[in-house]
């Protein structure tokens, strides 16, 4: 008689295969969601960095313009008309030049008045500031607000505070503020230290 050999066969049941596939699917969804969050965080940080650099460049240009102001002819919380002395390359007229910095809509512009040149966008994506804040605020040496709506001499104007917020992402904003001390006046316009 012949002997039949029985081999012990082992394998996976259908239930075990389904459980493994469900677990792999859950892990894949979790890893995908994690990867999406990482990519979104990178994009958010990259956009915030770009906006911040753009705003810092605009702020540096505004500060450079307003540091050498000889006269503020008219101004408001969103506009300043001023003159600067001869200082190439921005002013090549021996008697000085007139400029205007203003906010219109969601952008801040620089425009040449005399000699005239086309307005340049210093920065866009500017959002509304908090209540009580303005793009431009004018102060004397003691910190009191100065009315420069008609005209302002640098002797009376010790500080110009420039503030704006820039939008990025989904309704996120970054606020920027700087203080400009015009050099042309007779006041010593060094930044003051806070004393206790």
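Looking at (1) surrounded by 10 or more Cβ atoms within 10 Å (Cβ to Cβ); (2) not in a helix (DSSP H, G or I), which is the one condition that is false for residue 10? Failing condition for residue 10: (1). Being under 23 Å from residue 135 (Cβ atoms) and surrounded by 10 or more Cβ atoms within 10 Å (Cβ to Cβ) is a property that does not hold for residue 41. The single residue among 104, 75, 98 that is under 22 Å from residue 138 (Cβ atoms), within 24 Å of the chain's Cα centre (by Cα) and without any contact (Cβ under 8 Å) to a residue 40 or more places away in the chain turns out to be 104. Note on segment 140-150: residues that are surrounded by fewer than 16 Cβ atoms within 10 Å (Cβ to Cβ) and in contact with a strand residue (DSSP E or B) (Cβ under 7 Å, 6 or more places away or on another chain) amount to 3.
The residues of segment 155-186 that are more than 16 Å from residue 47 (Cα to Cα), at pLDDT below 80 and surrounded by fewer than 17 Cβ atoms within 10 Å (Cβ to Cβ), listed by number, are 155, 186. Inclusion of residue 9 among residues that are at pLDDT below 85 and farther than 30 Å from residue 111 by Cβ is warranted.
The values are calculated or read from the model by the stated rules, or taken from the named source; none is laboratory data. Given the structure is predicted, the values throughout are model-derived calculations rather than measurements. Glycine also receives a Cβ, built like all others from the backbone with ideal geometry; neighbour counts cover every protein chain displayed.
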